[in-house]
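Report on the following structure.
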Amino acid sequence: MGSELPSPVLELTGVRAGYGRIQVLHGVDLIVPRGTIVGLLGPNGAGKSTTIGVISGQVPTSTGAVTMLGHDVTGAGADALARAGVCTIPEGRGMFPNLTVDENVWMFTHRGVSTREARDIAYDHFPVLAERRSMMAGRLSGGEQQMLALARALATRPSLLLLDELSMGLAPIIVEQLYEQVAAVTAGGVGILLVEQFAGHVLDVADQVAVMVNGRIRAAGRPHEMAEALSGVYLGG
Ligand code: ATP
């Protein structure tokens, strides 16, 4: 690793965390460099959502460190992390179905981004949403709802996007299109942690992939290097 590599947006070092006395993460190391997509894959119950919880300040770290853009943010609360540029799109789409597309984008404006800027950011990335700006968000297709969730997230000018099961319930062709748009987002330098249960298109779009099992990273590397680790995990090897 040379010094010419961009500094990471996020770094987890030896993170142990859980719920009360139940430890779920047993020493997790993970790096998300600027402008890249890191896929975090693993079976049901592996600890992926807990990892997102740690990074977004919802789940306390018992030992280990969380660093954002070179600053130690271990133990920081959700508000402080949001201000530091962490934006999470939770499992099951983060949007208000009874508000219009425009209102949804507007609801998310903070951190010094004006409504107009937010709309420009959202609609430049997702022109189809501009065409639907007066429609109730709940009437959008599943793929468009995820686009809206992404658009809202981008409107906060995040440094780090945490995407939890973005593909859930969507047809493969829609997932492929959505991931292409996710990949385009990294051009602005945003780091993305793409959490999914199944490898699918993650291997096509991610720069790096980490495979999590039982609260530990079992393997990490380039997507094409992960085939063996993944088949071992999913076939119970
Ligand atoms: P999934 O794909 O099903 O969301 P995951 O990899 O995201 O799985 P987690 O949701 O992080 O896994 O769960 C890891 C472990 O932590 C599981 O054993 C789960 O039962 C436990 N767990 C999750 N949330 C809580 C909680 N609020 N309280 C106690 N245990 C929890």
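The values are calculated or read from the model by the stated rules, or taken from the named source; none is laboratory data. Predicted, not measured: the structure shown is a model, and the values here were computed from it. As a convention, Cβ positions derive from the backbone with ideal geometry for all residues, glycine included, and neighbour counts pool all protein chains shown.
Scan the stretch 77-92 residue by residue and report those that are acidic (D, E) and part of a helix (DSSP H, G or I). Steps first, please.
Step one: filter the stretch 77-92 for residues acidic (D, E), giving 79, 91.
Once the filter is applied, which keeps residues that are acidic (D, E) and part of a helix (DSSP H, G or I), the stretch 77-92 yields only D79.
In summary, R83 fulfils each of the numbered conditions (1) surrounded by fewer than 15 Cβ atoms within 10 Å (Cβ to Cβ); (2) within 16 Å of the ligand (Cβ to nearest atom); (3) within 22 Å of A149 (Cα to Cα) with the single exception of condition (2). For the stretch 92-115, filtering for residues that are aliphatic (A, V, I, L, M) and at pLDDT below 90 leaves 4. Across the stretch 221-236, the number of residues qualifying as touching a residue at least 40 places away in the same chain (Cβ under 8 Å) and closer than 19 Å to G45 by Cα comes to 3.
Table: residues versus (1) β-branched (V, I, T); (2) within 13 Å of the ligand (Cβ to nearest atom).
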{"residue": "Q181", "(1), (2)": "no, no"}
{"residue": "G188", "(1), (2)": "no, no"}
{"residue": "I192", "(1), (2)": "yes, no"}
{"residue": "A206", "(1), (2)": "no, no"}
{"residue": "M212", "(1), (2)": "no, yes"}
{"residue": "R218", "(1), (2)": "no, yes"}
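The number of residues in the stretch 122-170 being of a type in the set (D, E) and without any contact (Cβ under 8 Å) to a residue 60 or more places away in the chain comes to 3. Contact annotation: no residue pair with Cβ atoms under 8 Å, 6 or more positions apart or on different chains, pairs a residue in the stretch 41-56 that is farther than 12 Å from I217 by Cα with a partner that is within 7 Å of the ligand (Cβ to nearest atom) and in a helix (DSSP H, G or I). Residues that are under 16 Å from Q23 (Cβ atoms) and crowded, with 23+ Cβ neighbours inside 10 Å within the stretch 38-49 comprise A46, G47, K48, listed in sequence order.
Given the criterion within 16 Å of the chain's Cα centre (by Cα), within 30 Å of L129 (Cβ to Cβ), among the aliphatic types (A, V, I, L, M) and more than 16 Å from the ligand (Cβ to nearest atom), identify the matching residue among V38, V101, V32.
V32
Counted as qualifying within the stretch 116-217 are the helices (runs of 4 or more DSSP H) with 2 or more residues that are at pLDDT below 90, namely 142-154, 172-185.
Have a look at T74, T63 and point out the one that is in a loop (DSSP other than H, G, I, E, B), without any contact (Cβ under 8 Å) to a residue 60 or more places away in the chain and more than 16 Å from the ligand (Cβ to nearest atom).
Answer to the check: T74.
Restricted to the stretch 44-60, and to residues there that are out of contact with any strand residue (DSSP E or B) (no Cβ under 7 Å at 6 or more places or on another chain) and part of a loop (DSSP other than H, G, I, E, B), the residue that is farthest from the ligand (Cβ to nearest atom) is G57.
Which of the numbered conditions does L163 fail, given that it passes all the others? Conditions: (1) under 12 Å from the mean Cα position of the chain (by Cα); (2) within 16 Å of the ligand (Cβ to nearest atom); (3) surrounded by fewer than 23 Cβ atoms within 10 Å (Cβ to Cβ). Failing condition for L163: (3).
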